[in-house]
1. What number goes with the only condition from (1) in a loop (DSSP other than H, G, I, E, B); (2) more than 21 Å from Leu119 (Cβ to Cβ); (3) of a type in the set (Lys, Arg) that Arg18 does not pass?
2. Could you list, ordered by first residue, the pairs with Cβ atoms under 6 Å in which the first is in segment 45-63 and modelled with pLDDT of 90 or more and the second is of a type in the set (Ser, Thr, Tyr), at least 6 apart or interchain?
3. May I ask you to list pairs of residues, at least six apart or on different chains, whose Cβ atoms are under 8 Å apart, with the first in segment 18-41 being at negative phi and the second being open to solvent by 90 Å² or more (accessible area, probe 1.4 Å)?
4. On the basis of being farther than 16 Å from Leu109 by Cα and surrounded by 14 or more Cβ atoms within 10 Å (Cβ to Cβ), does Leu12 make the cut?
5. Would you tally the residues in segment 143-163 being in a loop (DSSP other than H, G, I, E, B), open to solvent by 60 Å² or more (accessible area, probe 1.4 Å) and either in contact with a Lys or Arg (Cβ under 9 Å, 6 or more places away or on another chain) or among the charged types (D, E, K, R) (or both)?
6. Go through (1) open to solvent by 50 Å² or more (accessible area, probe 1.4 Å); (2) modelled with pLDDT under 90; (3) not acidic (Asp, Glu) and name the single condition Arg92 misses.
7. Which condition number does Val78 fail, the rest of (1) hydrophobic (A, V, I, L, M, F, W, C); (2) at pLDDT 80 or above; (3) surrounded by 14 or more Cβ atoms within 10 Å (Cβ to Cβ); (4) in contact with a helix residue (DSSP H, G or I) (Cβ under 9 Å, 6 or more places away or on another chain) being met?
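The values are calculated or read from the model by the stated rules, or taken from the named source; none is laboratory data. All of these numbers come straight from a predicted model, not from anything done at the bench. FYI the Cβ positions are ideal-geometry reconstructions off the backbone, even for glycines, and counts take in every protein chain you see. These area figures cover heavy atoms from the full protein model, side chains too; ligands, DNA and RNA do not enter into them. Shrake-Rupley method; radii C 1.70, N 1.55, O 1.52, S 1.80 Å.
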Amino acid sequence: EALLAGRSPAGLPGLAWRRDGLVEVAPARAAAAGLDSRPSAWEAGVLPHSDYPAVCFEASRGCPFDCKYCDWQNKSKVRRYSEARATADMERLLTALPAARVFVCDSDLFLDARRGERLARAWAAAAAGRPCTFEVHAYLPRLDDAALRALDAPQFTVCVGVQTANPRALDRVSR
């Protein structure tokens, strides 16, 4: 709201910004328990920037694992936007940017396999007839037949981490 009103973000917890070429960081804030309570940039019309068709999109935050090789190694509680919110925001995104390249920046869309399946189906329906793409991350063993069928749309690229079958190696990387 401060930025929309043209005010400085100084003092607003949880923000970082640039001023005069330097990065300024406000104090940390507590994580929101219910993500749906956060305002939607898509609903508010703050986004998108049509000059940048590559978009990061969150359906959840956090990761319960502590893999030594991963960017998400925070072993934190996973907090999720409701399926209704994640679907509505994706529909808003694709209406505004029909050719968007959407990076779904969840640690694993299929941590809850059935939820991931429902979101993939909803997003594929929203993408029908649009030249957009989705990149999602998933742990290969979680991709069962139902999940793979939900991802069977030309818009999806699925990134999976290839690990090892060696139990000792898996233990060493906290898997």
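1. (1)
2. Ala59/Tyr81
3. Glu24/Arg18; Leu35/Arg80
4. Numbers: farther than 16 Å from Leu109 by Cα: yes; surrounded by 14 or more Cβ atoms within 10 Å (Cβ to Cβ): yes.
Judged against the criteria, Leu12 is a match.
5. At the first step, the residues of segment 143-163 found to be in a loop (DSSP other than H, G, I, E, B) are 143-144, 151-155, 161-163.
Among the residues that remain, those that are also open to solvent by 60 Å² or more (accessible area, probe 1.4 Å) are: 152, 154, 162-163.
This time we only want the ones that are either in contact with a Lys or Arg (Cβ under 9 Å, 6 or more places away or on another chain) or among the charged types (D, E, K, R) (or both), so: 152, 163.
The qualifying residues number 2.
6. Going through the list (1) open to solvent by 50 Å² or more (accessible area, probe 1.4 Å); (2) modelled with pLDDT under 90; (3) not acidic (Asp, Glu), Arg92 breaks only (2).
7. (4)
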